[in-house]
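Notes for the one structure printed next.
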Amino acid sequence: MQRIYVQPDERIMIVLPLFHINALFYSVAGTLAAGAGMIIVPRFSASTFWQTAADNGATEVNIIEAIGTILMNRPRSEFRPGHRITKIYGARQAVVETFRNDFHIPHLIGGYGMTEIPGVTCNPFEGPQKLGSMGPLGRHPDPARPWAQCRVVDDSGNDVGVDEVGELSVKTPIIMQGYYRDPEQTRGAFRDGWFLTGDLVRRDADGYFFFVSRKKDIIRRRGENIAGAELDRVIGAHPAVLEAAAIAVPSELGEDEIFVAVVPRPGHTLAAADIAQWSREHLAAIKVPRFVAIVDALPHTPTHKVAKAEMRADAGLRARAVDLQAAPGLLDLHSWTPSP
């Protein structure tokens with residue numbers, strides 16, 4: 001596995017579920033390609049992470065941002081200095097200092113990919129690395145084999161200049177066939193053969209990419225991409241809901257949490273618990289919102305779409321919400337998400 005130089009005598013510890021592209025692409029496929037050993041942990045546990053790594057002789061692990069944040073904030077009494085991990089893929093900028101200085105892991109590699117287009121960019125294993133960047137374009141282990149091409153474009157599809165912000169567009173040999181039973185969304189994801197990521201980035205003079213923000217109505221939670229429009233539709237189908245709108249809000253674990261504002265139908269009474277129950281019945285666990293606010297009305301644009309940008313800018317809106325995670329039994333993501 002070229003991006004992190006896995007060798008046949010190494011042991012890769014897999015702590016993410018095997019339906020996750022990180023586990024399948026970076027861990028399982030990389031381990032098989034290198035002829036290395038594989039340690040499959042049934043379920044991530046922060047309290048036993050270091051002990052498991054030490055007991056099994058793990059030398060490398062791939063993580064998502066939430067796992068890095070959890071481990072950084074766990075009691076140091078759980079750390080086992082005898083572990084053999086020397087490489088971690090997926091350690092974001094916020095945890096690098098802790099993982100290097102407290103956990104003594106020398107190689108912390110970050111990159112960029114999506115379920116649709118894994119492995120697009122990567123900071124070079126042997127440098128130079130730019131902290132906080134997505135790295136330059138990744139490379140195939142065989143220099144003769146082509147890999148990803150990237151453009152940074154404006155809304156009209158024109159390339160922008162160095163250090164200018166635009167949408168990342170990608171061509172790569174490893175790309176999805178399409179969205180399941182959704183040809184319209186599949187067609188909309190491409191322009192002239194280039195996949196539109198929906199992520200706004202900039203590229204510096206050295207060819208390193210830096211993430212700026214998300215262009216699409218996508219919520220990034222626990223390493224998964226969740227469409228806000230789907231949440232709006234499903235929660236809005238509750239018989240007592242007139243209108244619903246979901247947005248991303250910052251998570252203390254990094255990435256996003258789901259916030260949903262709900263307008264009740266006239267003559268109906270709604271509580272956050274009602275939305276939690278409906279969401280659990282009609283959505284996957286990872287898509288159940290954490291924050292629910294019952295409001296009298298939502299802001300709208302002149303074309304009558306919900307003004308989500310205005311919602312994101314309203315600091316008082318989140319203060320009015322119920323945190324379902326703080327309410328026992330209302331939020332259950334334990335089917336796969338990292339647990340303490």
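The values are calculated or read from the model by the stated rules, or taken from the named source; none is laboratory data. Everything quoted here is computed from the prediction, not taken from an experiment. With ideal geometry, Cβ positions are generated from the backbone for all residues, glycine too; neighbour counts draw on all protein chains shown.
Just checking, which of A66, A91 is of a type in the set (G, A, S), within 17 Å of F49 (Cα to Cα) and touching a Phe, Trp or Tyr at 6+ places or on another chain (Cβ under 7 Å)?
Residue meeting the stated conditions: A91.
Exactly one of (1) acidic (D, E); (2) free of Cβ contacts under 8 Å to residues at least 60 places away in the same chain; (3) surrounded by fewer than 17 Cβ atoms within 10 Å (Cβ to Cβ) is unmet by D206. Its number?
(2)
Quick one: which residue in P136, P143, P124 is touching a residue at least 24 places away in the same chain (Cβ under 8 Å) and within 27 Å of Y89 (Cα to Cα)?
P136
If you go through the range 196-204 one residue at a time, do you hit one that is assigned to a loop (DSSP other than H, G, I, E, B) and basic (K, R)?
No, the range 196-204 has no match at all.
Would you mention how many residues in the range 145-186 are among the basic types (K, R) and modelled with pLDDT under 95?
Selection size over the range 145-186: 2.
Can you tell me how many residues in the range 204-247 are among the charged types (D, E, K, R) and under 19 Å from A272 (Cα atoms)?
Residues meeting the conditions: 4.
Determine if the range 82-100 includes at least one residue that is in contact with a Leu (Cβ under 7 Å, 6 or more places away or on another chain), in contact (Cβ under 8 Å) with a residue 24 or more places away in the chain and part of a loop (DSSP other than H, G, I, E, B).
First, the residues of the range 82-100 that are in contact with a Leu (Cβ under 7 Å, 6 or more places away or on another chain): 88, 91, 93, 96, 99-100.
Now drop any that are not in contact (Cβ under 8 Å) with a residue 24 or more places away in the chain, which leaves 88, 91, 93, 96, 99.
Restricting the remaining residues to those that are part of a loop (DSSP other than H, G, I, E, B) gives 91.
There is at least one residue in the range 82-100 that is in contact with a Leu (Cβ under 7 Å, 6 or more places away or on another chain), in contact (Cβ under 8 Å) with a residue 24 or more places away in the chain and part of a loop (DSSP other than H, G, I, E, B).
Please work out if V260 is under 23 Å from N158 (Cβ atoms) and either small (G, A, S) or in contact with a strand residue (DSSP E or B) (Cβ under 9 Å, 6 or more places away or on another chain) (or both).
Criteria not met by V260.
Among the numbered criteria (1) closer than 27 Å to L18 by Cα; (2) assigned to a loop (DSSP other than H, G, I, E, B); (3) without any contact (Cβ under 8 Å) to a residue 40 or more places away in the chain, which one does P239 miss?
So the condition that P239 fails would be (1).
Is it the case that some residue within the range 175-189 is in a strand (DSSP E or B) and surrounded by 14 or more Cβ atoms within 10 Å (Cβ to Cβ)?
no
Of everything in the range 70-89 that's more than 10 Å from T59 (Cβ to Cβ) and aliphatic (A, V, I, L, M), which residue is surrounded by the fewest Cβ atoms within 10 Å (Cβ to Cβ)?
Ranking the qualifying residues of the range 70-89, first place goes to M72.
When only residues in the range 106-137 that are over 13 Å from the mean Cα position of the chain (by Cα) and among the charged types (D, E, K, R) count, which is modelled with the highest pLDDT?
Filtering the range 106-137 for residues that are over 13 Å from the mean Cα position of the chain (by Cα) and among the charged types (D, E, K, R), the one modelled with the highest pLDDT comes out as K130.
Give me the pairs, please: first residue somewhere in the range 1-29 and more than 20 Å from F125 (Cα to Cα), second residue anywhere and of a type in the set (F, W, Y) and at pLDDT below 90, beta-carbon distance under 6 Å, and either six or more positions apart or on two chains.
That search, which allows pairs on different chains as well, returns P17/W336.
Looking at the range 264-281 only, could you name the residues that are among the hydrophobic types (A, V, I, L, M, F, W, C), outside any helix (DSSP H, G or I) and surrounded by fewer than 18 Cβ atoms within 10 Å (Cβ to Cβ)?
At the first step, the residues of the range 264-281 found to be among the hydrophobic types (A, V, I, L, M, F, W, C) are 270-273, 275-276, 278.
In the following step, the residues that additionally are outside any helix (DSSP H, G or I) were identified as 270-271.
Residue satisfying the conditions is A271 alone.
Within the group I117, I105, which residue is in a loop (DSSP other than H, G, I, E, B), surrounded by 14 or more Cβ atoms within 10 Å (Cβ to Cβ), among the hydrophobic types (A, V, I, L, M, F, W, C) and out of contact with any helix residue (DSSP H, G or I) (no Cβ under 7 Å at 6 or more places or on another chain)? Talk me through it step by step, then tell me what you get.
On the way: I105 fails: out of contact with any helix residue (DSSP H, G or I) (no Cβ under 7 Å at 6 or more places or on another chain).
Unique residue meeting the criteria: I117.
In this structure, is L24 at pLDDT 90 or above, within 20 Å of the chain's Cα centre (by Cα) and in a loop (DSSP other than H, G, I, E, B)?
Here the answer is no, as L24 does not meet what is asked.
Among the residues of the range 207-224, are any in a strand (DSSP E or B) and at pLDDT 95 or above? Give the derivation first.
Filtering the range 207-224 down to residues in a strand (DSSP E or B) leaves 209-214, 218-221, 224.
Now drop any that are not at pLDDT 95 or above, which leaves 209.
Yes: the range 207-224 contains one or more residues that are in a strand (DSSP E or B) and at pLDDT 95 or above.
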